Structures are given as structure tokens and as C-alpha cells.
1. Scan segment 27-54 for residues that are touching a strand residue (DSSP E or B) at 6+ places or on another chain (Cβ under 9 Å) and either surrounded by 12 or more Cβ atoms within 10 Å (Cβ to Cβ) or at pLDDT below 85 (or both) and report the count.
2. Quick one: is Arg62 out of contact with any Ser or Thr (no Cβ under 9 Å at 6 or more places or on another chain), exposed (fewer than 14 other Cβ atoms within 10 Å of the Cβ) and basic (Lys, Arg)?
3. Under 6 Å between Cβ atoms, at least 6 apart or on separate chains: pull out the pairs that start in segment 38-59 with a residue that is touching a residue at least 40 places away in the same chain (Cβ under 8 Å) and end on any residue that is open to solvent by less than 100 Å² (accessible area, probe 1.4 Å).
4. Which residue is least open to solvent (accessible area, probe 1.4 Å), if the candidates are limited to segment 1-26 and must be out of contact with any Phe, Trp or Tyr (no Cβ under 7 Å at 6 or more places or on another chain) and in a loop (DSSP other than H, G, I, E, B)?
Amino acid sequence: MTGRVLPEAQWDVLDLSDWYDRHDPGSGDRFVEAARATFGAIATQPLIYGRVDSAPRGREIREMVMDGSRCS
């Protein structure tokens, strides 16, 4: 199984980081770190996370909820 983070997701992380920083300076960096930890956890042990039911045929996509408490 290979993993990748789509460019769109990377841009979303950067956009959300900016949003967090506007509301609480410094929290954007914490958000980016939490996102990296989430991506790393999925990459390390993808099979322990839930499958996305609407994945394209022949593709297996996994997801997890990011720990938002690390951002504030």
C-alpha cells in the first residue's frame, strides 16, 4: 500500500494554518504539526484506520479524525 497527500490537501492545510493564525497567533504552526502527525500515523499503520466507503473503484482510501486539541 502506498500513501500520498494530494496537493489540494496540502493547500487546505496551509489555508487552515493561516486561518488559525489570524484567530490565535501561533496556532497555525500547531495545526500544521498536528496535520503532519495525522498523515504520518496513517502512513505508518494505514490498516488500523477506517476505509472511505465512497472511494473510487479499485482504490482503498483511509481516514482518521485529527486531534484538534493540539491546535489550540
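The values are calculated or read from the model by the stated rules, or taken from the named source; none is laboratory data. Since this is a predicted model, take the numbers as computed values, not measurements. A quick note on method: Cβ atoms are made from the backbone with ideal geometry, for glycine too, and the neighbour counts reach across all protein chains shown. Ligands, DNA and RNA are excluded from the accessible area calculation, which covers all protein heavy atoms including side chains. Shrake-Rupley method; radii C 1.70, N 1.55, O 1.52, S 1.80 Å.
1. Here the count works out to 5.
2. On the way: out of contact with any Ser or Thr (no Cβ under 9 Å at 6 or more places or on another chain): yes; exposed (fewer than 14 other Cβ atoms within 10 Å of the Cβ): no; basic (Lys, Arg): yes.
Answer is no for this residue.
3. Partner pairs satisfying both residue conditions: Ala43/Gly3; Pro46/Arg62.
4. The extreme case among them is Gly26.
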